[in-house]
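Undergrad: First the structure, then my questions, so here it is.
The values are calculated or read from the model by the stated rules, or taken from the named source; none is laboratory data. As the structure is a prediction and not an experimental result, all values here were calculated from the model. Positions of Cβ are generated from backbone atoms using ideal geometry, with glycine treated the same way; all protein chains shown enter the neighbour counts.
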Amino acid sequence: MKSFASDNYAGVLPEVMEALNAANTAHARSYGADDITARTIGLFKEVFGEAAEVFFVFNGTGANVLSISSATQSFNAVLCAETSHIYCDESSAPETFTGCRFFPLPSNEHGKLTPAIIKERLIRKGDVHYAQASLLSVTQATEYGTLYSIPELQAISALCKEHGLYLHMDGSRYFNAVASLGCSLADLSSGAGVDILSLGGTKAGMMFGEAVVVFNKELAKHIAFKQKQVMQLASKTRFIAAQFEAMLHNELWRNTASHANEMARQLHRVLSQHPQVRVTKPVQANAVFAEIPRHWYTPLQEHFPFYVWNEATHEVRLMCAWDTRPEDIDAFTLALHGLS
C-alpha cells in the first residue's frame, strides 16, 4: 500500500536505519551522556548557531508540551491558530501538562496567523481575572501545508517582543518548509526571532524522536528539569540522537524533504487537470488540499488512503513523503482518469 494519508505512514530512511544499527553495537552512557548525543548536539550548534540548546524527546506532542511548559506558568495563556495541532490534534495534553488556557485565533485563508489578528487578543494585561498571555505558537509548515516567509515571522516576532511573549514554532514539517524556501535551518528559526522550536524528525523519515531547540537563554535555564517532569527524557537518548545525526549529515533532510515537496507539486499538477477537482490551498510543502466529488472517496481510498479534511466541502488532504515515487503519482493519475 502507498498512502497519501500522512507522511507518518512512511517507513524509515535507509541512512537512519543504518545509524540506529551503528548505535546498537556497544554499551553507552545513558540519559544523553554518550558520545553520539554529544556529536549530534555539536551538529545542531553548527547549523542553528552556537547558542542553541538541544533536547531530544520521544514524539511531537512531547516536544510541544516541553517547549510550551518551559515558557509558561499555569496562570498563563497560550495563543495559537484555531487549526493548530496543539489545539486540535493533541487531545488535552498541552493544557493538562501546562495548566494554561489555550486561546485559538482565526487564521487567514492560507492557515496563517497575522500580526493584526494576534494583536486583537493581546488584551487585559495585568488583569488578575484573565489568563495572561505568555507564548504564541505558530506552525511551520502550517496545517494547510503553507509557509510563513522569513519577513512574516520577523513581523510576528517583533510583535511578540513588544508585548512580552515568547514565540514557539511547531515544526513537525520544518524540514519541508526550509527545503521549500531554500534557506538554512537557522534562517527560519533563530534568524527570524523564534525563541524555541519543536523540530520534527518522525515525519521526515526517522523511526521515532523529535528535538526541542532552544534559542532564548531564559527558556534554557530550567528546561532540563521540565524535560524530566513531562516524561520526555530518554534513558537511551543515543538512539534518537543518532537518527538526527544521520539527518543532518550532508543535509540528508534537505534532499528527502525536497523530494517530498516535488512529489506534492506533481500531484498538484495532476489534480489541476481535472475539472471536477478544485485545489483549495497553495502547494508550498508536501501537502495538497483539494475538493473532490464525494463518490470518489471509496474507490480512491481502497488503493490510496487519505484523510477527509472537511466533510462539508468534500475537501481532502493528500500528503507526500520521502518515499513517494513518481510511479505512485502515475498510478493515482490512472485512478482519477477511471473516475472522471
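Undergrad: Name, by its number, the condition in (1) in contact (Cβ under 8 Å) with a residue 60 or more places away in the chain; (2) surrounded by 16 or more Cβ atoms within 10 Å (Cβ to Cβ); (3) of a type outside the set (A, V, I, L, M) that does not hold for GLN73.
TA: Going through (1) in contact (Cβ under 8 Å) with a residue 60 or more places away in the chain; (2) surrounded by 16 or more Cβ atoms within 10 Å (Cβ to Cβ); (3) of a type outside the set (A, V, I, L, M) one by one, GLN73 breaks only (2).
Undergrad: Is segment 53-64 home to any residue that is part of a loop (DSSP other than H, G, I, E, B), under 28 Å from ALA287 (Cβ atoms) and touching a residue at least 60 places away in the same chain (Cβ under 8 Å)?
TA: Scanning segment 53-64 turns up at least one residue that is part of a loop (DSSP other than H, G, I, E, B), under 28 Å from ALA287 (Cβ atoms) and touching a residue at least 60 places away in the same chain (Cβ under 8 Å).
Undergrad: Then there is this: In this structure, does VAL288 turn out to be at pLDDT 95 or above, within 19 Å of GLU109 (Cβ to Cβ) and not in a strand (DSSP E or B)? Don't jump to the end; show me each part of the working.
TA: On the way: at pLDDT 95 or above: yes; within 19 Å of GLU109 (Cβ to Cβ): yes; not in a strand (DSSP E or B): no.
No: the conditions fail for VAL288.
Undergrad: Just to be sure I understand, how many residues within segment 213-250 are exposed (fewer than 14 other Cβ atoms within 10 Å of the Cβ) and in a loop (DSSP other than H, G, I, E, B)?
TA: Here the count works out to 4.
Undergrad: Test each condition in (1) of a type outside the set (S, T, N, Q); (2) out of contact with any strand residue (DSSP E or B) (no Cβ under 8 Å at 6 or more places or on another chain); (3) farther than 25 Å from VAL65 by Cα for VAL279 and report the one that comes out false.
TA: Tallying (1) of a type outside the set (S, T, N, Q); (2) out of contact with any strand residue (DSSP E or B) (no Cβ under 8 Å at 6 or more places or on another chain); (3) farther than 25 Å from VAL65 by Cα, VAL279 fails exactly one: (2).
Undergrad: Return yes when PHE97 is more than 15 Å from ALA63 (Cα to Cα) and in contact (Cβ under 8 Å) with a residue 24 or more places away in the chain and no when it is not. Write out each step before concluding.
TA: Values: more than 15 Å from ALA63 (Cα to Cα): no; in contact (Cβ under 8 Å) with a residue 24 or more places away in the chain: yes.
No; evaluated as a whole, the condition is false for this residue.
Undergrad: Are there any strands (runs of 3 or more DSSP E) wholly within segment 75-171 with 2 or more residues that are over 15 Å from the mean Cα position of the chain (by Cα), and if so which? Don't jump to the end; show me each part of the working.
TA: Values: elements: 76-81, 101-105, 132-139, 166-171.
The strands (runs of 3 or more DSSP E) meeting that bar are 76-81, 101-105, 132-139.
Undergrad: Shifting gears a bit: Have a look at VAL16, VAL47 and point out the one that is within 21 Å of the chain's Cα centre (by Cα) and within 15 Å of GLN243 (Cβ to Cβ). Show your work before the answer.
TA: On the way: VAL47 fails: within 15 Å of GLN243 (Cβ to Cβ).
Testing whether each residue is within 21 Å of the chain's Cα centre (by Cα) and within 15 Å of GLN243 (Cβ to Cβ) leaves just VAL16.
Undergrad: Same structure again: Give the number of residues within segment 28-53 that are within 30 Å of HIS163 (Cβ to Cβ) and either buried (at least 22 other Cβ atoms within 10 Å of the Cβ) or aromatic (Phe, Trp, Tyr) (or both).
TA: 2
Undergrad: Determine which member of the set VAL214, VAL270, VAL279 is assigned by TED's automatic domain parsing to the domain that holds THR37, among the β-branched types (Val, Ile, Thr) and touching a Ser or Thr at 6+ places or on another chain (Cβ under 9 Å). Spell out how you get there, then give the answer.
TA: Working: VAL270 fails: assigned by TED's automatic domain parsing to the domain that holds THR37; VAL279 fails: assigned by TED's automatic domain parsing to the domain that holds THR37.
It is VAL214.
Undergrad: Something else: For segment 251-282, give me the residue count where each residue is assigned to a loop (DSSP other than H, G, I, E, B), touching a residue at least 40 places away in the same chain (Cβ under 8 Å) and either of a type in the set (Ser, Thr, Tyr) or closer than 23 Å to GLY201 by Cβ (or both).
TA: 0
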